[in-house]
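What follows is a short report on a single structure.
The values are calculated or read from the model by the stated rules, or taken from the named source; none is laboratory data. As the structure is a computational prediction, the values presented were derived from the model and not from experiment. Reconstructed Cβ throughout: ideal geometry from the backbone, glycine too, with neighbour counts over all protein chains shown. Please note that ligands, DNA and RNA were not included when accessible areas were found on the heavy atoms of the full protein model with its side chains. Shrake-Rupley method; radii C 1.70, N 1.55, O 1.52, S 1.80 Å.
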2 protein chains.
Amino acid sequence: MKIGIDISGGDFAPQATVGGAILAQKELSPDIQFCLFGDEQVITSYLKEAGTFPSNFEIIHAPEVIGMGDHPSKILSQKPNSSIALGFEMLKQNKIDAFASAGNTGAMLVGSIYSIGIIPGIIRPCITALIPKENGSVGILLDVGINPDCKADQLYQFGLVGSLYAKYVFNNPNPKVGLLNIGEEEEKGSLLTQAAYKLMKNTSDFNFTGNVENRDIFKNNVDVIVCDGFTGNIVLKHTEAMYRLFAKQGFHNDFLDLFNYENYGGTPVLGANATIIIGHGISNEKAVKNMILHTKGVHEAGLYKKISTAMELFAQKKSGE
Amino acid sequence: MKIGIDISGGDFAPQATVGGAILAQKELSPDIQFCLFGDEQVITSYLKEAGTFPSNFEIIHAPEVIGMGDHPSKILSQKPNSSIALGFEMLKQNKIDAFASAGNTGAMLVGSIYSIGIIPGIIRPCITALIPKENGSVGILLDVGINPDCKADQLYQFGLVGSLYAKYVFNNPNPKVGLLNIGEEEEKGSLLTQAAYKLMKNTSDFNFTGNVENRDIFKNNVDVIVCDGFTGNIVLKHTEAMYRLFAKQGFHNDFLDLFNYENYGGTPVLGANATIIIGHGISNEKAVKNMILHTKGVHEAGLYKKISTAMELFAQKKSGE
């Protein structure tokens, strides 16, 4: 397996990205190849400084940099020699098996959709966040930001793809899928959640367990939590904000540490037709390392292929109805 | 001032409600009269048990009870001798000046709208939650649940009434109003927040300071945080859930205690044409006491009259445009 890594992406690049790649390589078996996209000279000097042989890594010289503030829509064509543009180009040509970046999320999404393409049947890709649970495991929250306005059929798809992510990457044989809502009963919530509940309640495509309120997402009642991207992003940012607030008060223990984003390696672009991972913009070395380990895990699980197969079955079932 | 208090409402009624009324009476000056709505015999026996003279309180016998699970739409006419129905009846007849309940929120809302009526120009009433800030003050979040589906003009009104609440009840002369969003820039967010931003950005009706992300709601950047009721309820419940999660880990200090709902006395029904306060359903004695103190503060501030005047000015300005 050859993993492509965007060295120029993220608030602490290239130091954190090169450092994370070195850490990941130490943990992974030698048959995992690393392909680093970024300024060759800069990468080489950081690798040497860290006492690592540059020859351990394939380096693709990408002199252009896409900033976190760059508007994503045309940036890949405007900067064809950027790490993200070249990464997608090589992924498209199957010269790498997976591509991971902690850089501009919008640009990563544009690359996923227009360079790689989305799986037939998927309305729009989505991204996830991991929410720690009281029992030490994690729940999957989706979408967390790229679909601020959703229709009910999109929430339904989030339930489906989130369930596959939980099953194949987190080895949960029968993940419980909950609809994030402001009440437990079917008739509670917004027009969107009411409509989504109706679509989900008798589904056999995933294990829908009903509405879930925020107090229950930290419990074991639910493994996959579905919501529109606006709500999901609010929940994600609120969780991070409260974690930082409490950590700042000097509170620390193993449980609280579960809320530290560094422990999680980012999210696959669920619905894209390849293994594409987006890391947290503020990723440090440890977070980049975990992003790379997660990329390996997601690719080994064949997640995008599983989603593709599920969408084919879904289409067949629909046409047979 | 005569404050009406629903003794039958809330998960821990009547013990917590009678107890809270006794605590509040001890703190307030003797010219504040208390009118307790509930089962007379039960109230009298609780008051005697607590060593308090029942004659210190006016008691309105209300033998019927509206449960937390009762469907609110017709319950006031179905149970005319319930504490909530009688409370609204006496408020309507000006026999009490304000009415407070920790009971069924839906029934309180139905009473506010159909028994009392909403202020002309108000699209729909809304309710608030107080969010602690790092500097020890509180921010006002609204709506937090009764308007899960909003249009942009509703969010605009939340900015206006939230601002008046901050100004007259929390003595903040120029409250900063932020639009809760998933990005800081104008074009970020959902169709709703984008449209609301456009309405707010040049307003002179309140001090709009732009989009606010969750990480900033605990800071001093913003005093009033506006969002649709679905999002607000999610944020409120998530805040409570994370507070409980961390408190359960044994973390405690003065700052964390600011997140304890007991310290806050509930919310006015903003937009109703009288002083109506809804307390937290799980209110204990201390929370009920604070609900009553808050009721006094909101009524003394003349909040609903200030909102009424502001809506008249708003209508005049609109018709002059």
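A:Leu256 fulfils the conditions (1) over 25 Å from A:Gln15 (Cα atoms); (2) in contact (Cβ under 8 Å) with a residue 40 or more places away in the chain except for a single criterion, (2). Taking the listed residues A:Ile276, A:Ile282, A:Ile292, the one that is hydrophobic (A, V, I, L, M, F, W, C), in contact with a Gly (Cβ under 9 Å, 6 or more places away or on another chain) and assigned to a strand (DSSP E or B) is A:Ile276, with no other qualifying.
For A:Ile127, are the conditions met, namely being under 13 Å from the mean Cα position of the chain (by Cα), under 30 Å from A:Asp257 (Cβ atoms), within 14 Å of chain B (Cβ to nearest Cβ) and surrounded by 22 or more Cβ atoms within 10 Å (Cβ to Cβ)? For A:Ile127, the condition - under 13 Å from the mean Cα position of the chain (by Cα), under 30 Å from A:Asp257 (Cβ atoms), within 14 Å of chain B (Cβ to nearest Cβ) and surrounded by 22 or more Cβ atoms within 10 Å (Cβ to Cβ) - is met.
Here A:Asn207 meets each of (1) more than 24 Å from the chain's Cα centre (by Cα); (2) open to solvent by 40 Å² or more (accessible area, probe 1.4 Å) with one exception, condition (1).
Every listed requirement among (1) under 24 Å from A:Pro132 (Cα atoms); (2) modelled with pLDDT under 95; (3) surrounded by fewer than 20 Cβ atoms within 10 Å (Cβ to Cβ) is met by A:Asn174 save one, (2). Residue count for region B:266-275, restricted to those that are more than 8 Å from the chain's Cα centre (by Cα) and either at pLDDT below 95 or open to solvent by less than 20 Å² (accessible area, probe 1.4 Å) (or both): 4.
In region A:288-320, the qualifying residues are those that are of a type outside the set (A, V, I, L, M, F, W, C) and open to solvent by less than 20 Å² (accessible area, probe 1.4 Å), and the one that is farthest from A:Ile96 (Cα to Cα) is A:Gly302. Within region B:177-187, the presence of at least one residue that is on the phi < 0 side of the Ramachandran plot, open to solvent by less than 40 Å² (accessible area, probe 1.4 Å), more than 9 Å from every other protein chain (Cβ to nearest Cβ) and not small (Gly, Ala, Ser) is confirmed. Just one of the listed residues (B:Ser137, B:Ser115) is modelled with pLDDT under 95, more than 11 Å from the chain's Cα centre (by Cα) and open to solvent by 10 Å² or more (accessible area, probe 1.4 Å), and it is B:Ser137. Residues in region B:31-41 that are within 19 Å of B:Pro80 (Cβ to Cβ) and out of contact with any Phe, Trp or Tyr (no Cβ under 8 Å at 6 or more places or on another chain): B:Phe37, B:Gly38, B:Asp39, B:Glu40.
Residue-by-condition table, conditions (1) surrounded by fewer than 19 Cβ atoms within 10 Å (Cβ to Cβ); (2) of a type outside the set (Val, Ile, Thr):
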position	(1), (2)
B:Met1	yes, yes
B:Ala16	no, yes
B:Leu23	yes, yes
B:Asp31	yes, yes
B:Phe34	no, yes
B:Val42	yes, no
B:Ile59	no, no
B:Leu76	no, yes
B:Asn81	yes, yes
